[in-house]
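Read through the structure below, which is laid out as structure tokens, and then see the notes.
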Amino acid sequence: MRRVLFMSLILMFLFFDEAFAQCVWKIKSIEQDPDRGSILVVTEYTLNGQVVQVGHTRYDEQSGDLAGIKSLIQKDLQDHCEALIRRIPENNDFIQQEILKAQKELTQPLISALQTEVGKSASVKEATVIWKNKTIKVTDDSKSSISNITP
């Protein structure tokens, strides 16, 4: 009886592990790109049980040796799956909220310290542009000048 219960639990975990996986990638084919001659890896991405994308990545002999290309393929597919998970609207909203919260925590002390700058002013009467060995100077009263830059 214990064996049956144990086996049932194992099968249930295996079933639910696959069924509730956020993102699953599956290589559908590896071909030669007819236009470029490169290695074309066609991959299907499933998000929460729904096929959301069939994409492809390209590699060539400069991507590494066989082991390096295999590793690169795995990393690229893993990275893309992670990107798909981040794009889920709820996840994207959560990420943006957390980034905003952290940014506010980082800038609040600086904002407090910068309060001494409120009310300060200064004036600027000219601007300079350096372009192709020329110095172009313009002023607020539209008086301009150009001079050569000597090495």
Residue check for Lys75: of a type in the set (Lys, Arg) and assigned to a helix (DSSP H, G or I): yes
Test: Glu31 is surrounded by 11 or more Cβ atoms within 10 Å (Cβ to Cβ) and in contact (Cβ under 8 Å) with a residue 12 or more places away in the chain: no
How many residues, within the stretch 78-94, are farther than 21 Å from Thr43 by Cβ and loosely packed, with under 12 Cβ neighbours inside 10 Å? 3
In the stretch 32-60, what count of residues is obtained for those that are outside any loop (DSSP other than H, G, I, E, B) and within 29 Å of Asn91 (Cα to Cα)? 16
Could you list, in sequence order, all residues of the stretch 38-77 that are surrounded by fewer than 16 Cβ atoms within 10 Å (Cβ to Cβ) and either of a type in the set (A, V, I, L, M, F, W, C) or within 12 Å of Gln22 (Cα to Cα) (or both)? Val42, Asn48, Gly49, Gln50, Val51, Val52, Val54, Leu66, Ala67, Leu72
Residue count for the stretch 110-146, restricted to those that are loosely packed, with under 10 Cβ neighbours inside 10 Å, assigned to a strand (DSSP E or B) and of a type in the set (Gly, Ala, Ser): 0
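The numbers here are math on the coordinates, done by the rules we state, and not lab data. None of the values given here were measured: they were computed from a predicted structure. Reconstructed Cβ throughout: ideal geometry from the backbone, glycine too, with neighbour counts over all protein chains shown.
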